[in-house]
Amino acid sequence: MSNTPVRVRFAPSPTGPLHMGGVRTALYNYLFAKKHNGTFLIRIEDTDQTRFVPGAQDYIMDALKWCGIMPTEGPGLGGDFGPYIQSERKEMYRPYADELIKNEKAYYAFDSSEDLSQMREQALKMGMPNWQYNNVTRGSMQNSLSLPADEVQRRLDNGDPYVIRMKMPRNVDVRFEDEIRGWVVVNTNNVDDKVLFKSDGMPTYHLANIVDDHLMKITHVIRGEEWLPSAPLHVMLYEAFGWDCPKFAHLPLLLKPDGNGKLSKRDGDRLGFPVFPTDWKSEDGEIYTGYREQGYFPEAFINMLAFLGWNPGTTQEIFSLDELVASFTLDRVAKAGAKFDPDKTKWFQQQYLRGAENALLAEKLNIVLDNKYSLDKLTVVCGLMKERATFIEDIWTEGSFLLERPIEFDEQTVNKKWKDESEALMAEWSTVLSSIDSFVAENIESTFKTFLAEKELGIGAVLPLFRLLLTGKGMGPSMFEISEFLGKDECIARISIGITSLQKV
RNA sequence: GGCCCAUUCGUCUAACGGUUAGGACAUGCGGUUUUCAUCCGUAAAAUAGGAGUUCGAUUCUCCUAUGGGCUACCA
C-alpha cells in the first residue's frame, strides 16, 4: 500500500452551489494529495438526475479555481480514468450489479416506492419507527429471494420495474479503521438492504462510489462525517467484489456559529456572513453572496477553512497553501464538529491584507476603481491605509481623500475642534507650509513642531484642524505622510478651500 | 425511537498518564498614537457529571447527560 501512489477524490453532486463545508473537504483532499505527491481528482456524482441543477458543476469548478485548489483530473481537465461525471459512466455500473446478483450478494426487488412508504407507515402505527428492508423483513417483500424463480423471471421478462438491493448478512460486525476516529464497528443488523441500482437504470451513490473509487484507484476516501453511517456498507461492498478497501477519513462537520446544527445556507443570510465561496444566483433569482465578492482573498479564506478542524500543533496560524501542504496530516484533524466563527474569518483577511505588497493591493484596488488613478499613487494610498483596513474596499472608503478633495467635513470634529480662532491659525500654518523647500514628511513634521513651539500650542490644538481641512476626517494616518503625498500646492489649496467651506457652516 | 460519532475558556484549539491546563479570535483594562487603526502589555475565561483503572487522570474503561450525523429507488 505504501508504494501505491496516493489518489484522492472530491465527489460533489451538482445539486447547487458548493458551500464552505464542501470547500474544506476539497481542501483537505487537496492538501493530503499534494503532501504525498499524489493526485487530487474531482468526480461529479449526478446519479440522481432529479436533483440536477444547471450551472452547479461550473460553479464548483470555478470556486475551486478561485480557491487555488484545482484538481488535476476531472471533467474538462482530462485524466486517464474518465469520464469523471457519473451520468456519463452510466453503462459501466450495470455489470457490477449483475455480478453481485450472480454471487448472491444482491437481489432483485420489485416493491414500488409506494409499497415501501406504506410499509413504513404501517410499521410506525404499530410502534416501530424504523422499519427497514433487511434480513428479517425481506422474506415478506416482493423480491428474488422471496418469490419463486419462475415468477422472478416472468417479472423480469415482462419488464416490471425493479431495483437491485444489497443482501446484508445477519449479525456480522463490520469494522474499519478510520484515519481520524480510529476503529469503528457496526453490526450488519443495523444496516438495511440498501438499494444499489435504481429502477431508472442508474446506480445509487453507494454502488457508483465504490465502483468508481475502485476503477479510479482511489487510495484514501476523505469525506464528511455524514457518510460515516454508510461506511460499513461500503466496506461490505468492497468485500463483496473482492477489492482492496481504500482508507477512510471522516471529517468533522462545520456547525452554525450560534446554537447547534450543521452550517446551512440560511445561516449566512440570518447572521450576515457568506456561506459560499463565490456568488450564486439560484434559479428563482435569489442571490447568495460569496467570499470572493465580499472582498476576501482566497488565501485568507483557505487559511481560515484549514483551521476549522485542523491545527499544526504549533502557534503559527498564518499559512500559505504551500505551508499547509507541508504541515497537513490527517492525524491532526479534530474529531468534533467546529462552529464557524465569522470574526476569526475577518481577522485572517485582515492579516493577509496587511501582509500584502502595496503594489499588489494597488492593482486590485485599481480594478475596483476602473483604472481611474495611476498605479503609483494607488500604491502609496494602499501603503498609507492598509493598516486600518480589512478589505480592499476599506482602503478606498477610508482613504479616498488622498486622491479626491474632501466634500464633507466630519461633523463631530468640526463641532469639537473648529473654533473662532481656527481660521486665522490655519491660514498662518498654510503660509508656513508654503515656505518649506523640500516637502517631505520629515521636514513637514519638524516645521510643524517649530510652529507649535512658536505659538505655544499643543499638538492636539493644531493637528486635528490641519487633518480636518486636508482630509475632512477626524482620524487617519500620519498627517505628515499625507501632506507629503498630497504635495505642497494641494495642501495649501485644500486648507484654503476647507476654510471657505467651514465658514458657511 | 434505533444506530453511529462526538464533548477542554463564549468560539477555534494545544497538552498523545505527572503542566501554575498553553495559544489564537472576541471581550475588559492599561501603554504607544494629534486621532483612528496598528502594535505592546495585562485581566477575566475551560477539562459536562458520576463511577472505576492507576502512586497519579483532560488523557484509559464504563454509565449518565448533552450535542450532532444517519435512518430514501438523495448525495
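Please report how far the C-alpha centroid of segment A:419-488 lies from that of segment A:56-128, rounded to the nearest whole angstrom.
Here the answer is 71 Å between Cα centres.
Under 5 Å between amide hydrogens, which residues at least 5 positions from A:Ala106 or on another chain qualify, with H placed 1.01 Å from N in the peptide plane?
A:Ile101, A:Lys167
In whole Hz and in residue order, list the ³J(HN,Hα) couplings for segment A:286-301 that follow from phi through the Karplus curve 6.51 cos²θ - 1.76 cosθ + 1.60, θ = phi - 60°; x for Gly and Pro.
6, 10, 9, 7, x, 4, 4, 6, 6, x, 6, 7, x, 4, 6, 4
Using the heavy atoms of the protein chains alone and a 1.4 angstrom probe, what is the accessible area of segment A:57-116 per residue in square angstrom?
Value returned for segment A:57-116: 49 Å² of accessible area per residue.
Can you quote the Å³ per residue value for the convex hull of the Cα atoms in segment A:322-420, rounded to an integer?
165 Å³
Put +1 on the Cβ of every Lys and Arg and -1 on every Asp and Glu Cβ in segment A:265-348; which of A:Trp310, A:Val325, A:Gly295 then has its Cα farthest towards the positive end of the dipole?
Of A:Trp310, A:Val325, A:Gly295, it is A:Trp310.
With the cut-off at 43 Å, report for chain A the share of all Cα pairs above it, as a whole percent.
39 percent
When only DSSP loop residues count, what trypsin sites (Lys or Arg not before Pro) in segment A:321-389 have their Cβ near at most 16 other Cβ atoms within 10 Å? If you can, show how the numbers build up before the last one.
Values: sites: A:Arg332, A:Lys335, A:Lys339, A:Lys344, A:Lys346, A:Arg354, A:Lys364, A:Lys372, A:Lys377, A:Lys386, A:Arg388; in loops: A:Lys335, A:Lys372.
Answer by residue number: A:Lys335, A:Lys372.
Considering only A:Leu469, A:Thr447, A:Gln503, whose Cα is most displaced toward the positive end of the charge dipole of segment A:411-504, charges sitting on Cβ of Lys, Arg (+1) and Asp, Glu (-1)?
It is A:Gln503.
What does the accessible area per residue of segment A:411-504 come to in Å², with a 1.4 Å probe and no ligands, DNA or RNA counted?
52 Å²
Starting at the first residue of segment A:399-411, write each ³J(HN,Hα) from the Karplus equation 6.51 cos²θ - 1.76 cosθ + 1.60 with θ = phi - 60°, in whole Hz, x for Gly and Pro.
So the J values, rounded to whole Hz, are x, 4, 4, 5, 10, 10, 5, x, 9, 10, 10, 3, 4.
Amide H of A:Lys247: which non-local residues (sequence gap of 5 or more, or other chain) have their own amide H closer than 5 Å, using H built in the peptide plane?
Amide H neighbours of A:Lys247, under 5 Å, 5+ apart: A:His220, A:Val221.
How many percent of the accessible area of chain A is carbon or sulfur, using a 1.4 Å probe?
Roughly 48 percent, rounded to a whole number.
At 10 °C and 1.306 mPa s, what whole-number value in µm²/s does Stokes-Einstein give for the translational diffusion of segment A:411-504, with Rh from the Kirkwood sum over Cα pairs?
Diffusion coefficient, whole number: 121 µm²/s.
Using just the Cα positions, wrap segment A:241-362 in a convex hull and report its mean projected area in square nanometres, one decimal place.
Convex hull of Cα atoms, orientation-averaged projection: 11.5 nm².
Using unit Cβ charges (K, R positive; D, E negative) and no other charged atoms, how large, in debye to the nearest 20, is the dipole of segment A:265-348 about its Cα centre?
About 280 debye.
Rounding to the nearest 10 and keeping the result within 0 to 90°, find how far the Cα-based axis of helix A:90-102 lies from the longest principal axis of chain A.
40 degrees
For A:Asp178, enumerate residues with amide H under 5 Å from its amide H, sequence gap 5+ or separate chain, H modeled in the peptide plane.
For A:Asp178, the qualifying residues are A:Trp183, A:Val184.
I want to verify the translational diffusion coefficient of segment A:10-153 in µm²/s; compute it with Stokes-Einstein, Rh as the Kirkwood radius over Cα pairs, at 25 °C and 0.890 mPa s.
Values: Rh = 18.7 Å.
Here the translational diffusion coefficient equals 131 µm²/s.
Be a star and scan segment A:471-488 for residues whose amide nitrogen sits under 20 Å from the point 7 Å along the Cα-to-Cβ vector of A:Arg388.
A:471-487
The values are calculated or read from the model by the stated rules, or taken from the named source; none is laboratory data. Because the structure is a prediction, the values reported are computed rather than measured. Methodologically, a virtual Cβ is constructed for each residue, glycine included, from the backbone with ideal geometry; neighbour enumeration extends over all protein chains shown. Accessible surface is based on the protein model in full, side chains and every heavy atom, while ligands, DNA and RNA are left aside. Shrake-Rupley method; radii C 1.70, N 1.55, O 1.52, S 1.80 Å.
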